[in-house]
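The values are calculated or read from the model by the stated rules, or taken from the named source; none is laboratory data. Owing to the predicted nature of the structure, the values given are computational and were not obtained by experimental measurement. A quick note on method: Cβ atoms are made from the backbone with ideal geometry, for glycine too, and the neighbour counts reach across all protein chains shown. Just so you know, the surface numbers come from the protein's heavy atoms only, side chains and all, with ligands and any DNA or RNA stripped out. Shrake-Rupley method; radii C 1.70, N 1.55, O 1.52, S 1.80 Å.
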Amino acid sequence: MDNLLSVQEQLKAGKTDLTDHAGRYLDTINEKNPTVNAIVHVDDEQVRSQAATIQKKIDDGTAGRLAGAVVGVKDVICEKGKKVTCSSHILHNFESVYNATVIERLLKEDALLIGRCNMDEFAMGSSNENSIHGPARNPANTEYVPGGSSGGSAAAVAAGMCSVSLGSDTGGSIRQPASYCGVVGLKPTYSRVSRYGLVAFASSFDCIGPFSGNVTDTALMLQHLAGYDSMDNSSSDKPVGNYLEAVRQNDRKLKIGVPDEYFGDGLDDEVRQIVETNIKALEKEGAELVPIRLPHTKYGIATYYILATAEASSNLARYDGVRYGHRADFKKIEEELGLEVKAIEQEIKIAVGADKEEAIERLARLDTPLIRLYKKSRTEGFGTEVKRRIMLGTYVLSAGYYDAYYAKAQKVRRLIKQDFENAFDKVDVIVSPTAPTTAFKLGENQDDPVQMYLNDVYTISANLAGICGISVPAGTHSNGLPVGIQFMGNAFREEDILTAARQTELLNGGS
Ligand code: GLN
């Protein structure tokens, strides 16, 4: 895996040319993507011509600070003129007419966008098996999953198909695949990076963040992604930290919290050993280890799967085949139901037109031709896991169950946040395994959603609390697969987790 800073030096010194450099990535995609399936769209011609344009700027000395970065983009982030499928049939034909803010920021600094990365449908999943493009595979062993939902973004970096990539993390979808594929993945603090142009899953959790082959490149990417954006009301106007400085603080003696709750039942013995070896090595270098408690950890999965599904059921309501998304075949509905196409068209006009009251009244009857169209479009458009989430989310928000589930989960979320606030009074960062096991085999957890959800046990709390987290390679399991270690940091303290991650990388022989 390339190191961005040294590639930039070589480009500046004229020792390499960006068109050749990008060409090597395209070659790797051609060679490996038929098996790894990390990239779902690449336009060779466009990539080569963009590379030539950026190379000219490098020659003129006018290139931006990310010239040399070759970036894969998770297929949930809008890129103008590109299909944004979210790995869903319902969006199979959707082409974005604008760029997400993160894309604008990368382009402004002359990063080269190489292709769109595979993912779980609407970012729901932990294995990248829920995808209309077929599963992505783990480059370390292609019988295994790369993790999810940003499986393609992690696998693409690990396989050398791009130098860095963008993913999204709602409950661990950057950190868990980073851990499974042996790369670095960072979830910023909620609101640190603009969500404008990120297709929404659970809006109070969703974060965009980078994958890279090393911690310094991660810092460099975050430096340019972070910051206030007037297009995203929830984005923070706090000043952006100096992340590149943070990765140089190799002598800083960090106070590292070690939570009991993250080393209990369900954790693979060897993963535990590898993570503990790393923690001991950090202590030997001067870090202070502080035992801490995060007592509400055990409620994390239940809380997340109530709140995130509730938000998803609301966010995904927009894919109705009328305003957005795949529309079921009118002709077929007409045949099946014996309805007039005209009647359906009339319903649509009413629903999107001025007479809202009439539309609402008709919709309340729940069996208009339009409702049938919605049902059929959504039945055809969404996959099984997405439907499961919509059903769960609708249930926990329904009148009779709202207090018992949704309202209660909101309270537990607050308690989990408080656990972290208390801990960060005493420590700089919190350490844990990123996931309880290494990658699992394709198909292994497909029929057992609860087992799949348990994968997120160590990553989910950071999203519930809105804090930042990073996964860094920590070693290799005897099964030959990578193991990641996670550092979680207080809100807007990305510097702390980057310092801890860089120190860990150095202890593992990183350059
Ligand atoms: N695996 C989790 C889920 O399926 C997390 C997904 C994510 O972070 N996008 O919800």
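Arg65 fails exactly one of the following numbered conditions: (1) under 30 Å from Val386 (Cα atoms); (2) touching a residue at least 24 places away in the same chain (Cβ under 8 Å); (3) open to solvent by 10 Å² or more (accessible area, probe 1.4 Å). What is the number of that condition?
(1)
Just give me the residues in region 68-90 being open to solvent by less than 10 Å² (accessible area, probe 1.4 Å) and farther than 16 Å from Ser153 by Cβ, in sequence order.
Gly68, Ser88, Ile90
Name the residues in region 110-148 that are open to solvent by less than 20 Å² (accessible area, probe 1.4 Å), more than 16 Å from the ligand (Cβ to nearest atom) and farther than 17 Å from Ile39 by Cα, would you?
Within region 110-148, Asp110, Ala111 meet the criteria.
What is the one condition in (1) closer than 30 Å to Pro239 by Cα; (2) surrounded by fewer than 24 Cβ atoms within 10 Å (Cβ to Cβ); (3) in contact with a Lys or Arg (Cβ under 7 Å, 6 or more places away or on another chain) that Thr499 does not satisfy?
(2)
If we only count helices (runs of 4 or more DSSP H) wholly inside region 212-284, which ones have 3 or more residues that are under 20 Å from the mean Cα position of the chain (by Cα) and over 17 Å from Ser471 (Cβ atoms)?
Correct list: 215-225.
Looking only at region 398-441, filter to residues that are under 24 Å from the mean Cα position of the chain (by Cα) and open to solvent by 80 Å² or more (accessible area, probe 1.4 Å); which one of those is farthest from Asp169 (Cα to Cα)?
Ranking the qualifying residues of region 398-441, first place goes to Lys441.
Considering only residues that are surrounded by fewer than 20 Cβ atoms within 10 Å (Cβ to Cβ) and part of a helix (DSSP H, G or I), which ones fall in region 8-20? Spell out the reasoning first.
Filtering region 8-20 for residues surrounded by fewer than 20 Cβ atoms within 10 Å (Cβ to Cβ) gives 8-10, 12-17, 19-20.
Gln8, Glu9, Gln10, Lys12, Thr19, Asp20 - these are the residues of region 8-20 that are surrounded by fewer than 20 Cβ atoms within 10 Å (Cβ to Cβ) and part of a helix (DSSP H, G or I).
Could you tell me whether region 233-242 includes any residue that is open to solvent by 30 Å² or more (accessible area, probe 1.4 Å), charged (D, E, K, R) and at pLDDT below 95?
no
Please count how many residues of region 158-201 are within 12 Å of the ligand (Cβ to nearest atom), surrounded by 24 or more Cβ atoms within 10 Å (Cβ to Cβ) and part of a loop (DSSP other than H, G, I, E, B).
7
Can you list residue pairs whose Cβ atoms sit under 7 Å apart, with the first residue in region 377-391 being closer than 12 Å to Cys86 by Cβ and part of a helix (DSSP H, G or I) and the second being modelled with pLDDT of 95 or more and open to solvent by 20 Å² or more (accessible area, probe 1.4 Å)? Count only pairs 6 or more apart in sequence or on different chains.
Gly381/His89
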